[in-house]
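Engineer: Below are the structure tokens for one structure; questions will follow.
Readers should treat all values here as calculations from the given coordinates under stated rules, not as data from a laboratory. The structure presented is a predicted model; accordingly, all values stated were derived computationally and were not measured. Cβ placement follows ideal geometry from the backbone for every residue including glycine, while neighbour counts extend to all protein chains displayed.
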Amino acid sequence: MLLLAIVLVAIGLAGVVMPAVPGPILIFAGLLLAAWSDGFVRVGVPTLVLLGILTVATYVVDIVMMTLGMKRFGTTKDPRKWKRRAQRARLPIR
């Protein structure tokens, strides 16, 4: 159980810099699993509640900043617009 918690935290740490992996959520899940496997002796419930609040806040800020960045730089879901932009920039897009 502890090994799984370590793996979750390690993947979560990698996810902090990789946009496709939800880093803070995996870190929290790993820490929660580690605390649960230990019987909440070393890490208590108040600490986990605080970490949970910080995890939710981090996730919300990440989503909001991503949305603001997409609006700022004019991203779109239409692939034809991306292809035209890439052609104008002379990028090798098929």
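Engineer: Using a 7 Å offset from Cα along Cα-Cβ at Val61, what residues in segment 1-40 end up with backbone N under 19 Å from the label point?
Structural biologist: In segment 1-40, the label zone of Val61 (backbone N under 19 Å from the point 7 Å along Cα→Cβ) covers 12-29.
Engineer: Now for a separate question. Using a 10 Å cut-off on Cβ atoms, rank the peptides 23-29, 36-42 from the highest mean neighbour count down.
Structural biologist: Final packing ranking: 23-29, 36-42.
Engineer: Sequence gap at least 6, Cα distance under 8 Å: using those rules, report the relative contact order of segment 2-88 to the nearest whole percent.
Structural biologist: Over segment 2-88, the number comes to 20 percent.
Engineer: Using the Karplus curve 6.51 cos²θ - 1.76 cosθ + 1.60 with θ = phi - 60°, work out ³J(HN,Hα) for each residue of segment 66-73 in order, rounded to whole Hz, and write x for Gly and Pro.
Structural biologist: 5, 5, 5, x, 5, 5, 5, 9
Engineer: Taking neighbour Cβ counts within 10 Å as the exposure measure, how do Val49, Val7 sort from fewest upward?
Structural biologist: Ordered from fewest to most neighbouring Cβ atoms within 10 Å, Val49, Val7 come out as Val49, Val7.
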